[in-house]
2 protein chains.
Amino acid sequence: MNSNSIKVACSNCNLRELCMPLGLSPIELERIDDVVANRRKIKRGATLFRNGEKFTSLYAIRTGFFKTCVASEDGRDQVTGFQMAGEIVGLDGIVHDHHTCDAIALEDAEVCVMPFDRIEELSREVNALQRHVHKIMSREIVRENGVMLLLGSMRAEERLAAFLLNLVQRLHARGFSQSELILRMTREEIGSYLGLKLETVSRTFSKFVEDGIVEVKQRHVRILNADKLKDIVNPKVCN
Amino acid sequence: MNSNSIKVACSNCNLRELCMPLGLSPIELERIDDVVANRRKIKRGATLFRNGEKFTSLYAIRTGFFKTCVASEDGRDQVTGFQMAGEIVGLDGIVHDHHTCDAIALEDAEVCVMPFDRIEELSREVNALQRHVHKIMSREIVRENGVMLLLGSMRAEERLAAFLLNLVQRLHARGFSQSELILRMTREEIGSYLGLKLETVSRTFSKFVEDGIVEVKQRHVRILNADKLKDIVNPKVCN
DNA sequence: CGGCAATTTGACCACATTCAAATTGCGTGG
DNA sequence: CCACGCAATTTGAATGTGGTCAAATTGCCG
């Protein structure tokens, strides 16, 4: 076996509830263990897959943090998402049997490799898995709808506030703090995701600090006033 | 039977290749006919489904033109897509069993109603259908990635050029002209989709007309110089 | 013909970008 | 351990793109 891939099991994975359906029988779980063939380690800065590469598998993130980006022909690129433990990447590859974006590790990471033909095979027999796959794809569609709303109609402060709230909410669901987080990405990457320049991201952080909404030390962010952040995202109209 | 719903068959639908998998056996086709329970007519301006409504079915558009929009709590809304004959809407509803956006007919329309539990059932048995469902969802994810690139990194002219090229390409695939199209949506709806104000859309159209790239008479658009449009979307760097 | 919605156009303004420079933090090697 | 070099970040000043507000025009439908 490749030193880069390790045999594993979902049945005792502590991320199970994040990336697998609930309420499976022991025998179904065992069969899914079989689909999740192995793990793969990705060093910080390395790609899990790249635009144009053949699509074979979905990947469940075990540890680490990823970004996905698409590029236009003339070199511009756009971060389309940041993914953390328990989330699935690779869905973009299904439609054309080739990936249409890059997935890059923002820190040393480990993923479970799930060959897609095996997923399809098993999801014909395990209804809960079929349903789960559909939900994962639908969730991604809904997430992207939200990003379109953000990019299409929000101003810089609103975008950054929404970004921070989303990030901290997902981290909290994984047992981390509700009010403190470490950004795994640069200001430029945040800017690309939010449709802003890195300077604008920096300035907006500074503005939030001035206003006492957050504390920022480099990549370390502490949210001092979550209500105010929420209010920036969703300005309340006075009655 | 409701006067609003009509019994139908995919097996003789001329849009089959657009919304159904290819290469099905007659018997498989017949079974799919059975999933596509009935049709529904939607008047211009009426909603096919609305944010918050229970999700039951996907809809294949037979005739007419739709927009989908999401709204933020404070009333802003964002058009997330325009859909035409042969395209599928409703995928957003799968993840939470409720729709998270509105689908509104931009002209009198007719859709095939495909109850999702029936789709799941049948796609366990007909591999081509299973694969097809996965591809449709993946295609939507990839489309939205492209919109994110547009909203995140393009300027007004680039956005509108990309929009027109995309629209005319999809229409062409349905047998319409490569160079002429009728916009089914208002300037405001285009603007919402592209993250621009309606005045900016109008101004940008005017600019394209000045530059001899298109002719515009209200909603009727004729593309005079597609290469120039492509060049606006993807500026070539001089060597 | 009249009324209304959609579109166009102009003038002014705001927000984010660009360009530039200074500062900070971090890893590496002396 | 400190010095150095590089990348990331912050901040400032000037600019530009698209937004806002307002008014005029067009087209459509009753």
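Annotations for the structure displayed:
- The order of the peptides B:54-66, A:58-70, B:206-218 by mean Cβ neighbours within 10 Å, most packed first, is A:58-70, B:54-66, B:206-218.
- Among the listed pairs A:Lys67/B:Lys54; A:Lys54/A:Lys135; A:Lys135/B:Lys197, those beyond 28 Å (Cα-Cα): A:Lys67/B:Lys54; A:Lys135/B:Lys197
- Within straight-line reach of B:Lys41, meaning a Cα separation under 19 Å, sit the following aspartates and glutamates at least 8 residues removed in sequence or on another chain: B:Asp33, B:Glu53, B:Glu87, B:Asp102, B:Glu107, B:Asp108, B:Glu110.
- Sequentially through region A:49-64, phi angles give Karplus couplings (6.51, -1.76, 1.60; θ = phi - 60°) of 8, 9, 3, x, 5, 4, 8, 10, 9, 8, 10, 9, 6, 8, 9, x Hz, Gly and Pro residues having no value and appearing as x.
- Note, ³J(HN,Hα) from phi for region B:175-190, Karplus 6.51, -1.76, 1.60, rounded to Hz, x at Gly and Pro: x, 8, 5, 7, 10, 10, 8, 10, 6, 8, 10, 6, 4, 5, 5, 4
- Across region A:10-150, Cα pairs under 8 Å and at least six residues apart give a relative contact order of 32 percent.
- Those residues of region A:117-147 for which accessible area with every protein chain present is at least 40 Å² below the isolated value (1.4 Å probe): A:Glu120, A:Arg124, A:Gln130, A:Arg131, A:His134, A:Lys135, A:Met137, A:Ser138, A:Ile141, A:Val142, A:Glu144, A:Asn145
- Close amide H partners of A:Ser57, meaning residues 5 or more places away or on another chain with modelled amide H under 5 Å apart, are A:Phe116.
- In the full protein context, region B:10-150 carries 40 Å² of accessible surface per residue, based on a 1.4 Å probe and ignoring ligands, DNA and RNA.
- Centroid-to-centroid separation of region B:150-196 and region B:53-124 [C-alpha atoms, Å]: 20
- Three-way shape label, chain A, alpha-carbon gyration tensor, a/c 1.5: prolate
- What the Cβ-Cβ distance of A:Glu121 and A:Asp227 gives, at R0 = 41 Å and to the nearest 0.05, is a FRET efficiency of 0.25.
- Cut-off 15 Å, label 7 Å out along Cα→Cβ of A:Glu73, residues of region B:168-190 by amide N: B:169
- For chain B, the longest principal axis of the C-alpha atoms and the axis of helix B:127-153 are separated by about 20°.
- For A:Glu180, distant residues with modelled amide H under 5 Å away: A:Ile223
- Solvent exposure of region A:155-233 amounts to 53 Å² per residue of accessible area, where only protein heavy atoms count and the probe is 1.4 Å.
- Using a 7 Å projection from Cα along Cα-to-Cβ, the label point at A:His98 is separated from the same position in the remaining copies by 4.2 nm, smallest value first.
- Anisotropy class of the protein assembly as shown from Cα gyration tensor, a/c 1.5 cut: oblate
- Note on B:Thr56 and B:Thr186: the model spin-label points, each 7 Å out from Cα along the C-beta direction, lie 3.1 nm apart.
- Note on chain B: with a GNM built from Cα contacts shorter than 10 Å, the maximum mean-square fluctuation among B:Ile88, B:Ile104, B:Ile27 falls on B:Ile27.
- Cα-based reach from B:Lys207 at 13 Å (exclusive), listing aspartates and glutamates while leaving out same-chain residues under 8 positions away: B:Glu157, B:Glu158, B:Glu199, B:Glu215
- Less than 5 angstrom separates the built amide H of B:Glu87 from those of B:Ile61, all sequence-distant by 5 or more or on a different chain.
- Residue-wise HN-Hα coupling along region B:211-227, computed from phi with Karplus coefficients 6.51, -1.76, 1.60 (Hz; x: Gly, Pro): 7, x, 7, 9, 10, 10, 10, 6, 8, 8, 10, 10, 8, 8, 9, 5, 4
- Teacher prompt: B:Ala173 distances to equivalent labels in other copies, 7 Å Cα→Cβ, nm: 3.1
- Whole-number percent relative contact order across region B:155-233, with pairs defined as alpha carbons under 8 Å at least 6 apart: 37
- Accessible area buried at the B-A interface, both sides summed, 1.4 Å probe (Å², nearest 100): 4500
- Shape class for region B:127-169: oblate, because the ratio a/c of the largest to smallest gyration tensor axis (alpha-carbon atoms, square roots of eigenvalues) is 1.5 or more and b/c is at least a/b.
- Within the accessible area of region A:79-192 (1.4 Å probe), percent carbon and sulfur: 49
The values are calculated or read from the model by the stated rules, or taken from the named source; none is laboratory data. Predicted, not measured: the structure shown is a model, and the values here were computed from it. Glycine also receives a Cβ, built like all others from the backbone with ideal geometry; neighbour counts cover every protein chain displayed. The area values use the complete protein model at the heavy-atom level, side chains included, leaving out ligands, DNA and RNA. Shrake-Rupley method; radii C 1.70, N 1.55, O 1.52, S 1.80 Å.
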